[in-house]
Amino acid sequence: MKTQILHLEEHDDLISTRDKLGWRQTGRILLVWPKSGRILRRQYDLIMLQRHTNQHGAQLALVTGDLLVRFNARLLGIPVFA
């Protein structure tokens, strides 16, 4: 199965990220956080993204260096990579 890679921007929020997920073309999605900026850091944001992808039958994984996002993702069982 192919993986679609979506790069987030510093200005992205939950709504814009969900819109990007709506354009997905595969069953696996890898969200890549920007190197600077602090976006989608709340656990609530990740819960909503996880629910959105689950509803559409997709798997979600994250690439981020943000320690808070990594912590929250691990609590929710979302695969996360540095």
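Annotations
- On Cα atoms only, tilt of 43-55 relative to the major axis of the chain in degrees: 10
- In degrees, nearest ten, helix 67-76 long axis to first principal axis of the chain (Cα): 40
- Residues whose amide H falls under 5 Å from that of Val80, counting only those 5 or more places apart or on a different chain, are Leu62, with hydrogens built in the peptide plane.
- Electrostatic tally near Val69: other residues with Cβ closer than 12 Å to its Cβ, Lys and Arg +1, Asp and Glu -1, net +3.
- Across the chain, Cα pairs under 8 Å and at least six residues apart give a relative contact order of 30 percent.
- For Lys35 and Gln50, the difference between the fully extended length at 0.36 nm per residue and the C-alpha to C-alpha distance is 3.2 nm.
- Per residue, the solvent-accessible area of the chain (1.4 Å probe, heavy atoms of protein chains only, all protein chains present) comes to 63 Å².
- Estimated from helices alone, the mean residue ellipticity of the chain at 222 nm is -11500 deg cm²/dmol (sum of -39500 (n - 2.57) over DSSP H runs with n ≥ 4, per residue).
- Based on C-alpha pairs under 8 angstrom that are at least 6 apart in sequence, region 27-71 has a relative contact order of 60 percent.
The values are calculated or read from the model by the stated rules, or taken from the named source; none is laboratory data. The shown structure was predicted, so the numbers you read here are calculated from the model rather than taken from an experiment. Neighbour counts are summed over all protein chains in view; Cβ atoms, including those assigned to glycine, are modelled from backbone coordinates with ideal geometry. Just so you know, the surface numbers come from the protein's heavy atoms only, side chains and all, with ligands and any DNA or RNA stripped out. Shrake-Rupley method; radii C 1.70, N 1.55, O 1.52, S 1.80 Å.
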